[in-house]
Every structure is written in C-alpha cells, then in structure tokens.
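The values are calculated or read from the model by the stated rules, or taken from the named source; none is laboratory data. A quick note: this is a predicted structure, and the numbers were derived from the prediction, not measured. For neighbour counting, all protein chains shown are included, and Cβ atoms are generated from backbone atoms with ideal geometry for every residue, glycine included. In case anyone asks, the SASA skips ligands and DNA or RNA and just uses the protein heavy atoms, side chains included. Shrake-Rupley method; radii C 1.70, N 1.55, O 1.52, S 1.80 Å.
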Amino acid sequence: MTCRELVALVGDYLDGRLARAERERFDAHLAVCPDCRAYVEQVRITVDALGRLPVEDDFSPAARTTLLDAFREWS
Amino acid sequence: MTQTEYDLLDALRAGDEVAFARLVDDWGPAMLRLARLHVPSRAVAEEVVQETWLAVLRGLPAFEGRSSLKTWTFSILLNVARSKGRRERRILPFAALRDRHTVAPERFQGRRDERPGWWAVPPARWDPHEALESKAAQAALQSAVAGLAPRQREAIVLRDVLGVDSEEACQIMGVSEGNHRVLLHRARARVRDALERHFEERAA
C-alpha cells in the first residue's frame, strides 16, 4: 500500500469499516510510515475538534411563540 | 421507531403542547445549525425551522413511522433549507468544482520519482492540543466547513458536529450509504487540509 492509497481509505479505517485483509495492509503501512501516522492522527483530531464546535443558540422567543400558536391552531 | 417515539407521536396527535414545545426546544439548535448550511443568515434559518415544523404538523396525520420522527423531521428540514438556499444564492462555491481528491495528487511522488505514491510533501505536524482548544483553530474549522460543497457540508455536520449516526444521516440526506461514506470522507480530508493551512500560516 502506498501513502496515496492509504489516504483514500482513512475514512473507512477510522469508522472501522475496512475488511480485515485491507486493515492489515493499512496497519502495516502505518507501522513504517511516520507521515501517514501523522495524517491519520490529524484526521482523527479534526473529527474530534468538529465534535467540540458550538452548535447554535436556541430558537428566538418570538419564533418559538409563533410555532406554539401554530401548534394550538393545528391541534 | 421506539416506544418512546410512538408515545411522543400520540402526544403530538392528541395536541399535547408541552410535548411539542419540548421538541422545538430540544431539536432547535441542531435544526438551526443544519438550516444554516444552506441559508446565509440566522434569520432565514429560523424561517426554515418554522416552515419545517409547519410541514411536519401538516404531514403528521399521515406519518407512518417508517423512520424515526427525528429523522423524518430533519429530512424535511434539509429539503426546505436546500430549496430556500437555491433561491437565496445561486452561485456554487469553488469547493464544488475541485472535488475529486482527498489529498491533492501533487503531494505524492510521481511515477518517475524514487517512491511513487508515497508522500512528496508530507503533512505538516501540528500540536493536537492547539487544534482542539484554540479559538483561531475553531474559526478555521468553521470556515473550512462553510467552504465545502453543500452535500459534503451536510454529511460532516450531521455526523461529526451533531453526532448523528451514519444510518440516520443517510436517511436524513436521502443518499445511499456508499455515497454518504464518500461525502464524509472527502469532507473530513478537506477540513484537515484547511487546518493544516491554518497552522502553516500561523508558523510563517
């Protein structure tokens, strides 16, 4: 496996979706390639960092009231 | 659907306002976040969420519960947001055009080089702590996500920002599992690229 092939498989690797044989080839490459180890680690960090981003604020009170009114009318 | 979901559905159909208000509050931030993927402002995102809820109420009598209420609601939301987004902004972001590779092919050695397919320009090293904690890195992440092609943006925000599992994300987006995998994979690679550029600029 080359570095170029490896980066195409990182998503499946991190999600645990590689077939066993492919996973072994992936791990064998990682074992000898510090650059790919850094790459995989960085994708993992990126995913972690995304999970820590603030989402959004709550709905504004005015919009919330409009919706609850609409619900009352509907029910 | 789970039992709790059936109960919830019954409550809504019976006109239980408290149950409805709780859903609006619980799902509000995630719905606004998803709406913002396609519309330019917070105000328009609120409109999208409102329209979604109205559509959900209209559809509720006929809803059969083949998917969960949340999945169904979020898929309606994405459709509303996508069509509003098309009206609000007709220009495709550049990211949609240069989209085929996870890592730029120039970064690997060519056929005549010493080790074809191995890194020519290896990833720059970063401090993981800084990547996770610094405000500047967060801002770089946010703008990287904003610069992705629309479907990639949906995939990465659903999965990695909002933590929706893959199966649900596929249903919400209306794409196949394979398709979703590719979108997510490319989106993550691109966002990593953007972080790398951010750290390189910092170092320069």
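Odds and ends about this structure:
- The Cα-based radius of gyration of chain A, divided by its Kirkwood radius, gives an Rg/Rh of 1.42.
- Top of B:Leu132, B:Leu183, B:Leu162 by mean-square fluctuation, Gaussian network on chain B, Cα under 10 Å: B:Leu132
- Placing dummy labels 7 Å off each Cα toward the beta-carbon, the span from A:Glu5 to B:Ala55 is 4.4 nm.
- Rounded if a/c under 1.5, otherwise prolate or oblate - the range B:3-88, Cα gyration tensor axes: prolate
- For the protein assembly as shown: accessible area per residue (Å², 1.4 Å): 51
- Computed about the Cα centre, the dipole magnitude for the range B:3-88 is approximately 560 debye when only Lys and Arg (+1) and Asp and Glu (-1) carry charge, each at its Cβ.
- Applying a 4.7 Å Cβ-Cβ cutoff to the protein assembly as shown, the cysteines left without a disulfide-compatible partner are A:Cys3, B:Cys170.
- Averaged over A:28-34, number of beta-carbon atoms from partner chains that fall within 10 Å: 1
- A simple charge model with +1 on the Cβ of Lys and Arg, -1 on the Cβ of Asp and Glu and nothing else charged puts the dipole of chain B at about 1140 debye relative to its Cα centre.
- Length-normalised contact order for the range B:1-90 - Cα pairs under 8 Å, 6+ apart - percent: 39
- Under a Gaussian network description of chain A, with springs only between Cα atoms under 10 Å, the residue in A:Asp48, A:Asp35, A:Asp57 that fluctuates furthest is A:Asp57.
- For chain B, the longest principal axis of the Cα atoms and the long axis of helix B:69-88 meet at an angle of about 60 degrees.
- Cα-based helix-to-principal-axis angle, B:135-146 vs chain B, degrees rounded to 10: 70
- Accessible surface of the protein assembly as shown, 1.4 Å probe, proportion on carbon and sulfur as whole %: 50
- Placing unit charges on the Cβ atoms only, positive for Lys and Arg and negative for Asp and Glu, gives the protein assembly as shown a dipole magnitude near 1200 debye about its Cα centre.
- FRET E, pair A:Arg44, B:Asp113, Förster distance 25 Å, beta-carbon r, rounded to 0.05: 0.30
- Net lengthening on full extension, B:Phe63/B:Glu200 (0.36 nm per residue, minus Cα-Cα): 44.2 nm
- Between chain A and chain B, roughly 4800 Å² of accessible surface gets buried, counting both sides and using a 1.4 Å probe.
- Fluctuation leader among B:Arg42, B:Arg153, B:Arg186 - chain B, Gaussian network, Cα springs under 10 angstrom: B:Arg42
- Dipole of the protein assembly as shown, positive direction: furthest Cα of B:Trp53, B:Val161, B:Leu195, with charges on the beta-carbon: B:Leu195
- The overall shape of the range B:108-204, judged from the alpha-carbon gyration tensor, is oblate: a/c is not under 1.5, and a/b is no greater than b/c.
- When both the range B:31-49 and the range A:25-68 are represented by their alpha-carbon centers, they are found 20 Å apart.
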